[in-house]
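What follows is one structure encoded as structure tokens, with my remarks underneath.
Laboratory data are not the source of any read-out in this text; all were calculated from the coordinates shown. Remember, it's a predicted structure, so these values are computed and weren't measured experimentally. Every residue, glycine among them, receives a Cβ derived from its backbone with ideal geometry; neighbour counts consider all protein chains shown.
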Amino acid sequence: MVLWNQATILKLLWAVTKEKESLWIKWLQVYYMKGQSVEVCSIPTNATWVLRKIVEVQKIILNTQHLQGDLNSRLALMVHNGRFSIKKMYISLLPIYQKMPWKSIVLHPIIHPRFKFTCWLDAWQRVATADRLLKIGIHVPLECSFCNNAMETVEHLFFDWTITKDLWARLLIWLGFTRSIDGWKNELLWVNAQAKGTSGKGALVSCYFVTLVALLWRERNKIRFEQGQLQVDKFLREIAYHLHVRAQTRPRWKAALTLIVGIP
Ligand SMILES: [Zn+2]
């Protein structure tokens, strides 16, 4: 609502800069602007608040980072068929949120919500890995629970550590993909692109990825807190089983799964 009001006032400012025929604009120009441009004129504090608002609102459009140029050229961008578009102005004032390259994964309807949440935490680097805990002042053993050979970070777990790299490679080969595995960010991008696809296979591979990420974190917790041990074959079978169960309600998935034989 605040932004919409600002956009409405910016329309009035545009009318002033265009010297539109209107009594109040004439009044503003004669009494306050006195031949000066709106950028340099100063409105006394005893002037009516509406006039002050109109002149002050230029700060908002001048501070909008994705618009270029001086006041007039910024206002000109909002003109459509000779009229100032409040809607266009409003959209330009909306904050631009950081793009989420994993959006398609997180919004995928078939992936288990709890698994998506873990993957989402990993994507934002908000999962409680040792390096993250250290940053917020919590001291825990820094070594990776699986290999004790490196600091525990999201990047180490996915896929600097050779075991997860192998696990992911086995799942990919099983699903019929031949490609070399990169680091966490690039794999996330690749999987996200797959999740956008309409083929059952694209959906399957993104679901396997998220399940792998989420269940590996569960295994990590087991090792860290219960002295568990990762059993690779059993772990892969669990992922495959989970996906078969989830696919039962989706015909396209089922069709894609029938083309895949054996276990990863
Ligand atoms: Zn490790």
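Go from 0 up to the bin containing the longest alpha carbon distance in the range 128-185, width 10 Å each, and give me the % of pairs per bin.
24, 43, 23, 10, 1
Relative to the longest principal Cα axis of the chain, at what angle does helix 200-226 sit, 0 to 90 degrees, rounded to 10?
Approximately 70 degrees, to the nearest ten.
With axes computed from alpha carbons, what is the tilt in degrees of helix 2-17 against the longest principal axis of the chain, rounded to the nearest 10 within 0 to 90?
40 degrees
Taking the Cβ of TRP168 as the centre, find all other residues whose Cβ is under 13 Å away and add up their charges (Lys, Arg: +1; Asp, Glu: -1).
Around TRP168, the surrounding residues sum to -1.
If the viscosity is 1.567 mPa s and the temperature 4 °C, what Stokes-Einstein diffusion coefficient in µm²/s follows for the chain when Rh is the Kirkwood radius over Cα pairs?
Value of D from the Cα-based Kirkwood radius: 56 µm²/s.
Just how large is the dipole of the chain about the Cα centre, in debye to the nearest 20, putting +1 at every Lys and Arg Cβ and -1 at every Asp and Glu Cβ?
Dipole of the chain, to the nearest 20 debye: 1040 debye.
So what is the relative contact order of the chain, in percent, for Cα pairs below 8 Å that sit 6 or more residues apart?
Relative contact order, the chain: 15 percent.
How many Å³ per residue does the convex hull of the Cα positions in the range 103-258 occupy?
Residue-normalised Cα hull volume stands at 107 Å³.
Just tell me which lysines come within less than 26 Å, Cα to Cα, of LYS18; anything on the same chain fewer than 8 places away is out.
Result set, ordered by chain and number: LYS26, LYS34, LYS53, LYS59, LYS87, LYS88.
Helix 184-196 sits at what angle to the longest principal axis of the chain, using alpha carbons and giving 0 to 90 degrees rounded to 10?
That helix lies at roughly 80 degrees to the long axis.
When we measure straight from the Cα of LYS222, which lysines land under 16 angstrom away, once same-chain ones fewer than 8 places off are left out?
Partners found: LYS234.
What is the range 41-127's relative contact order, in percent, from Cα pairs under 8 angstrom and six or more apart in sequence?
Relative contact order of the range 41-127: 14 percent.
What lysines does LYS185 reach when the alpha-carbon gap must be under 24 Å and sequence neighbours fewer than 8 apart in one chain are set aside?
LYS99, LYS103, LYS116, LYS135, LYS165, LYS196, LYS201
Can you list the HN-Hα couplings for the range 77-90, worked out from phi with the Karplus curve (6.51, -1.76, 1.60; θ = phi - 60°), rounded to whole Hz and with x for Gly and Pro?
5, 8, 8, 10, 6, x, 10, 6, 9, 5, 4, 4, 5, 4
Please compute the contact order of the range 103-258 in relative form: average sequence separation of alpha-carbon pairs under 8 Å and at least six residues apart, divided by the residue count, as a percent.
About 24 percent, as a whole number.
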